[in-house]
Amino acid sequence: MMFPKNFYWGGATAANQCEGAWNVNGKGMTDSDITTAGSFDTLRAKTYQLENGDVIEVPMFQSKPENAKGYVKSDRYYPSHNAVDFYNRYKEDIALFAEMGFTMYRMSIAWSRIFPKGIEEEPNKEGLEFYRNVFLELKKYNIEPLVTLWHFDTPIYLEEELGGWSNREVIKHFDRYAKTVFEEYKGLVKYWLTFNEINNQLMFVEFAKDMPKEIISKRFQELHNQFVASSHAVKLAHEISEDYKVGCMINGITPYPLTPNPDDVLAAQKSFQRNIYYCGDVQVRGHYPAFAQRLWDQFGVELDFTEQDTIDLKEGTVEYFSFSYYMTMCVTAKEDVEKASGNFSFGAVNPHLEYSEWGWAIDPTGLRYFLNEVYGRYEVPLMVVENGLGQDDVLEEDGSVHDEYRIDYFREHIKAMDEAIQDGVDLIAYTSWGCIDIISAGTGEMKKRYGFIYVDLDNEGNGTMDRYRKDSFYWYKKVIESNGQDLDSL
């Protein structure tokens, strides 16, 4: 095994899936706070109040009615409200991370905890103090924080009153937020990510085949505005501290051609370009790729794109490329094929792979493939900042959780990373997703568990929230101690 001596090992979470404390100490609302629980078969919904006072529920990925406002119903369960209570239990959880030997912990800052509406001139001091305490606790154990500025949690006020990221005015509010946290946590944080899975905007276009062109055009504009905001953040970070390192974060679903048919091969290439390189090129290279114009023509997109944007994108390129990796998909030009269902997948089922209980393809080789492809294009350091297996674990009477299936999953993916490093890829970090069980973003479930640490909580929010070490906890501890050398089962 060839992991470098300074390789970062750890885990990852997101504020809206772990913190809870949704309305305390000045925090403002986000979409997560009006999003109900769901399941593999049932989409999560968002609750709104109409102008006439009626309260309605709108399934995820559908547009909300005009002038509707986010609304919390007293008789509905909203998983993010309490989540797994990291807000109050962060010291306990970080101590468990330290026990495993984490050298990096990826987390996000909730924008609305710092600026409740997003428009305030002065930040919420209680929000700033919370994250300062978290960073100090991590520092106590020599755990390097990797901090995401935006993880799907724009303050709901900006969404409802300004139209969200389709409005360029939101960029200046994000600038203020980024500048505030960069200044506040100088000396406590070194590594930053701007936007989580920024390419999801385009992936959802492919997922929702019947999306109207005007909505697609709006998606492209929202994405452009996020690119500009990201570039501003990179420049601000370097102005504030020469120690800051800022990266992008991409949803890394690898597309394969379903067959050797040239049409399938071309479709897979186009998928990689649209879903990965479109965003990667802008954030790493500082300009849109050559194929962007054809995409814009295809969907009738006319971007609000200024000369200053061109300058900002060029000057605000990231220093490393981070990504999530859970699965691959098969792309085909044919329509009459069996479709995969996991992770909002829009590809065909791969007959050579096994699938998880939630329909996600398990493919360690795809991780090696993705690492080689992306490094070959950009030649900047890479980080795998999300990876893991969601399963319905069983807590035994003695407090143990036997999750050999998770150990097997991680073992093979770590081997794939090692192979990529031997291929010449500059991989510098690995943070598994949901290192402690958290609320599922896609389904809102609790039983879809990823963690090395079991949290006693069910899908309806019942439980003690006590923490228990799974078998994978002790296995990952050995992996980190050996810098990836010891992958044997317990």
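Some points to look at:
- Contact order normalised by residue count of segment 276-350, Cα under 8 Å, 6+ apart, percent: 26
- What the phi angles of segment 191-198 give under the Karplus curve with 6.51, -1.76 and 1.60, with θ = phi - 60°, is a coupling list of 9, 10, 10, 7, 10, 6, 6, 4 Hz, glycine and proline written as x.
- Here is how the number arises for the chain: DSSP H runs of 4 or more residues each give -39500 (n - 2.57), the sum is divided by the residue count, and the result at 222 nm is -11000 deg cm²/dmol.
- For the pair segment 29-75 / segment 214-229, the C-alpha centres are spaced 23 Å from each other.
- Net lengthening on full extension, Gln269/Gln485 (0.36 nm per residue, minus Cα-Cα): 74.3 nm
- Full extension of the chain segment joining Asp175 with Ser74 gains 32.9 nm, where the gain is 0.36 nm per residue of separation less the Cα-Cα distance.
- Sorted largest first, the principal axis extents computed over the alpha-carbon atoms of the chain equal 57, 56, 48 Å.
- A convex hull fitted to the Cα coordinates of segment 102-154 yields 64 cubic angstrom per residue.
- Straight Cα distances below 28 angstrom link Lys314 to the lysines Lys172, Lys179, Lys186, Lys190, Lys218, Lys235, Lys245, Lys270, with same-chain residues fewer than 8 positions distant left out.
- Straight-distance crosslink candidates among lysines, where the alpha carbon sits under 18 Å from Lys339 and sequence neighbours closer than 8 are dropped: Lys209
- Restricting segment 1-73 to trypsin sites (Lys or Arg not before Pro) in coil, as DSSP defines it, with at most 12 other Cβ within 10 Å: Lys5
- Measuring nothing but how far apart in sequence close Cα pairs (under 8 Å, 6+ apart) lie, relative to its length, segment 5-145 scores a relative contact order of 33 percent.
- With Cα atoms as the point set, the radius of gyration and Dmax of segment 270-365 evaluate to 17.0, 49 Å.
- Based on the reciprocal of the average 1/r between different C-alpha atoms, the Kirkwood radius for segment 48-98 equals 13.8 Å.
- Kirkwood Rh in Å, taken over all unlike Cα pairs in segment 55-181: 16.7
- Radius of gyration and Dmax over the Cα atoms of segment 129-258, both given in Å: 16.7, 51
- Remark: relative contact order (segment 8-481) = 17 percent; criterion is Cα-Cα distance under 8 angstrom and separation of 6 or more residues.
- A cut-off of 5 Å between modelled amide H atoms, ignoring neighbours fewer than 5 places along the same chain, links Leu193 with Val147, Thr148, Leu149, Gly247.
Every number here is computed from the coordinates shown, using simple stated rules; none is lab data. Here the structure is a predicted model, which is why all the values come from computation and not from measurement. We place every Cβ from the backbone using ideal geometry, glycine too, and count neighbours over all the protein chains shown.
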